[in-house]
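Visitor: Please read through the structure below; I'll follow up with questions.
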Amino acid sequence: MLSSYGIMAEEKDAFADFGGFVGDKRSEVNLADYICEYCAEVHEWEFLIDTHLGLLDKDNYHFGNYTGVEGDGLFFSGNIKMQDGEGGYWKTAFQNVGLDSTAVQSAYGIKGSYGFKLDYLNIPVRKYDRLVTPFVNPGSNILVLGNNWSRSDNAMLFNNASYSPFSLGTDWDRLGISFNATGNTNFEFNSSYQRLEKEGVREFSSTQMLSATYLPFPVDQVTEDFGASIDYSAEKWYASFAVKISRFDNQFDSVTYETPFTPLVAGSDYASLATAPDNLATKLILNARYYYAPKSSVKIRYSKSKLTQDEEFLPYTTNLNLFTALPQGNLNGEVDTSDLTFLLQHWFSSEWSFMAKYRNRDRDNKTEQLLFQPVVTDLYIASPLVNLPYDFSKESVTARIDYHPFPNHLLSLTYSSDEKTRNYQTVHKTTEDGFTGKYRATLSEELVLMIKAQQFDRDG
């Protein structure tokens with residue numbers, strides 16, 4: 001085979017047999033002595049490094065998000081590549097090493113056999129560097145005022161106390177690792193792991209009636225995602241089993257701050273805010289398809305997941321004069337979901353085909369229903385509230401028969417049915433079923449004719 005890329009090494013023998021080297025002297029020719037003139041030369045090692053010298057003044061914090069260019073000094077970028085004739089490879093690329101936006105990507109493996117990848121990235125998110133706050137410890141989860149801070153209704157505007165400077169921004173560190181293996185079998189394995197850490201200070205605000213407080217809110221969070229799957233492929237079969245796990249961990253479960261204004265009632269000198277709670281999600285997925293005839297197949301997909309959250313409740317208020325007992329120590333929340341799909345596609349002939357689909361989705365919220373007695377802005381007790389652990393169930397059936405009387409002409413008749421059940425909603429249950437008829441003809445490249453008619457019954 002001869003192409004614009006020249007003659008591949010494994011094709012030299014075939015080329016020699018068909019006109020390259022024929023005759024009685026064929027056995028005396030050593031093909032290794034002949035070099036392909038147009039074939040790309042394989043270099044086992046390639047190395048490239050760039051060196052950068054940055055000189056910046058001190059007013060570069062708001063140079064832009066995700067730049068990482070915040071100071072003077074050296075930083076490096078480059079890449080390294082290695083490959084061999086057996087399909088083995090190793091390649092690494094790095095950027096901005098020495099800055100807060102360092103990025104490294106590396107891959108190692110054997111083509112068609114296995115592969116390992118690593119991805120590391122620093123993402124500096126910068127907004128403002130010359131901000132001030134009445135709190136002496138910005139970025140802490142317990143914010144306190146200075147000793148010389150004087151509370152008043154106009155404290156933020158006219159207070160003569162010294163403010164504490166701080167910079168608004170966060171640092172994101174992302175690490176990703178993946179591995180895949182195929183080999184010479186019908187199986188393929190894939191796995192991945194990603195960890196994202198966020199640290200810094202972000203903006204937030206809190207109110208107490210008509211007074212608003214701008215808070216340097218601390219950020220210290222970790223999100224981890226893991227996934228793995230096993231795939232099987234054959235002439236008529238395809239099957240896959242996968243698992244996914246996601247975990248969120250917040251180092252600060254709350255932020256408590258000292259109110260910089262005159263307390264409106266006794267005991268409202270401090271206030272607390274809850275942060276995003278820790279949670280865990282797991283999911284299992286099964287996917288399979290079987291081709292029992294040309295263009296005809298049966299497919300099934302099923303997934304099952306569980307979401308949990310058991311973060312401890314904060315007290316209703318920090319005002320001890322308004323103390324009220326909580327219904328329990330934590331939410332102990334749990335939501336189970338499932339999704340089942342069954343699909344049949346069958347061709348009776350080149351003119352007739354049939355499709356049937358069934359799907360059932362269910363969200364089972366097992367969180368307990370509780371009675372809460374909220375306290376509004378640490379000032380007064382409000383009317384009791386009840387949480388509504390929302391869940392639902394959806395079931396649908398679809399069947400369609402298609403007829404192609406002529407090329408570019410289609411007649412189809414579809415029956416569909418949907419039933420939905422919801423808890424703690426105004427509409428509890430709805431049903432819908434009916435028929436759809438359609439005729440479509442492609443008369444030319446510019447003209448398509450379609451006639452469609454429907455008849456449905458709906459109830460709720």
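Visitor: Sort through 304, 299 and tell me the only one that's among the basic types (Lys, Arg) and under 25 Å from the mean Cα position of the chain (by Cα). Break it down stepwise before answering.
Guide: Values: 299 fails: under 25 Å from the mean Cα position of the chain (by Cα).
The conditions single out 304.
Visitor: While we're on this one: Out of the residues in region 265-287 that are small (Gly, Ala, Ser) and under 24 Å from the mean Cα position of the chain (by Cα), state the one that is nearest to residue 230 (Cα to Cα). Break it down stepwise before answering.
Guide: Step one: filter region 265-287 for residues small (Gly, Ala, Ser), giving 266-268, 271-272, 274, 276, 281.
Next, from what is left, pick out any that are under 24 Å from the mean Cα position of the chain (by Cα): 276, 281.
Numbers: 276: 34, 281: 20 Å.
So, considering only residues that are small (Gly, Ala, Ser) and under 24 Å from the mean Cα position of the chain (by Cα), the one nearest to residue 230 (Cα to Cα) is 281.
Visitor: Just need a number here: residues in region 70-94 that are open to solvent by less than 40 Å² (accessible area, probe 1.4 Å), of a type outside the set (Gly, Ala, Ser) and modelled with pLDDT under 75.
Guide: Total satisfying the criteria: 0.
Visitor: OK, next. Which residue is farthest from residue 443 (Cα to Cα), if the candidates are limited to region 399-416 and must be among the hydroxyl-bearing types (Ser, Thr, Tyr) and crowded, with 16+ Cβ neighbours inside 10 Å? Walk me through how you get there before you give the answer.
Guide: Here is the first cut: in region 399-416, the residues among the hydroxyl-bearing types (Ser, Thr, Tyr) are 403, 412, 414-416.
Add one more test, that the residue is crowded, with 16+ Cβ neighbours inside 10 Å, and what stays is 412, 414, 416.
Numbers: 412: 18, 414: 23, 416: 29 Å.
Per the criteria, the residue is 416.
Visitor: Listed residues 201, 255, 222; which is touching a Gly at 6+ places or on another chain (Cβ under 7 Å), aliphatic (A, V, I, L, M) and open to solvent by less than 30 Å² (accessible area, probe 1.4 Å)?
Guide: Values: 255 fails: touching a Gly at 6+ places or on another chain (Cβ under 7 Å); 222 fails: touching a Gly at 6+ places or on another chain (Cβ under 7 Å).
So the residue among 201, 255, 222 that is touching a Gly at 6+ places or on another chain (Cβ under 7 Å), aliphatic (A, V, I, L, M) and open to solvent by less than 30 Å² (accessible area, probe 1.4 Å) is 201.
Visitor: Return a yes/no flag: does region 290-305 have any residue that is of a type in the set (A, V, I, L, M) and closer than 27 Å to residue 367 by Cβ. Can you show your working first?
Guide: First pass over region 290-305, keeping only residues of a type in the set (A, V, I, L, M): 293, 298, 300.
Keeping just the survivors that are closer than 27 Å to residue 367 by Cβ gives none.
No: zero hits.
Visitor: Which residues, counting only those in region 186-208, are on the phi < 0 side of the Ramachandran plot, small (Gly, Ala, Ser) and in contact (Cβ under 8 Å) with a residue 40 or more places away in the chain?
Guide: Step one: of region 186-208, the residues on the phi < 0 side of the Ramachandran plot are 186-199, 201-208.
Subset that is small (Gly, Ala, Ser): 191-192, 205-206.
Answer for region 186-208, where residues must be on the phi < 0 side of the Ramachandran plot, small (Gly, Ala, Ser) and in contact (Cβ under 8 Å) with a residue 40 or more places away in the chain: just 206.
Visitor: Before we move on, is residue 308 at pLDDT 90 or above, surrounded by 14 or more Cβ atoms within 10 Å (Cβ to Cβ), part of a loop (DSSP other than H, G, I, E, B) and in contact with a Leu (Cβ under 7 Å, 6 or more places away or on another chain)?
Guide: Values: at pLDDT 90 or above: yes; surrounded by 14 or more Cβ atoms within 10 Å (Cβ to Cβ): yes; part of a loop (DSSP other than H, G, I, E, B): no; in contact with a Leu (Cβ under 7 Å, 6 or more places away or on another chain): yes.
Against the criterion (at pLDDT 90 or above, surrounded by 14 or more Cβ atoms within 10 Å (Cβ to Cβ), part of a loop (DSSP other than H, G, I, E, B) and in contact with a Leu (Cβ under 7 Å, 6 or more places away or on another chain)), residue 308 does not qualify.
Visitor: Here's something else I'd like to know. Of the residues 405, 389, which is of a type outside the set (A, V, I, L, M), at pLDDT below 95 and closer than 30 Å to residue 253 by Cβ?
Guide: Working: 405 fails: closer than 30 Å to residue 253 by Cβ.
Sole residue among the options that is of a type outside the set (A, V, I, L, M), at pLDDT below 95 and closer than 30 Å to residue 253 by Cβ: 389.
Visitor: Only strands (runs of 3 or more DSSP E) wholly contained in region 243-296 count here; list those with 3 or more residues that are among the hydroxyl-bearing types (Ser, Thr, Tyr) and either in contact with a Phe, Trp or Tyr (Cβ under 8 Å, 6 or more places away or on another chain) or closer than 30 Å to residue 150 by Cα (or both). Before you say what the answer is, go through the steps one by one.
Guide: Numbers: elements: 254-258, 270-274, 279-293.
Those strands (runs of 3 or more DSSP E) span 254-258.
Visitor: For region 435-443, check the following and say yes or no: at least one residue is polar (S, T, N, Q), modelled with pLDDT of 95 or more, open to solvent by less than 70 Å² (accessible area, probe 1.4 Å) and within 30 Å of residue 367 (Cα to Cα).
Guide: In the first step, residues of region 435-443 are kept if they are polar (S, T, N, Q); the result is 436, 442.
Going one step further and asking which of them are modelled with pLDDT of 95 or more, we end up with 436.
Still in the running and open to solvent by less than 70 Å² (accessible area, probe 1.4 Å): 436.
Next, only the ones that are within 30 Å of residue 367 (Cα to Cα) stay: none.
There is no residue in region 435-443 that is polar (S, T, N, Q), modelled with pLDDT of 95 or more, open to solvent by less than 70 Å² (accessible area, probe 1.4 Å) and within 30 Å of residue 367 (Cα to Cα).
The values are calculated or read from the model by the stated rules, or taken from the named source; none is laboratory data. This one's a predicted model, so the numbers in the text were calculated from it and none came from an experiment. Don't worry about glycine lacking a Cβ; one is built from the backbone with ideal geometry, like all the others, and counts go over all protein chains shown. Just the protein is used for accessible areas: all its heavy atoms, side chains included, with ligands, DNA and RNA removed. Shrake-Rupley method; radii C 1.70, N 1.55, O 1.52, S 1.80 Å.
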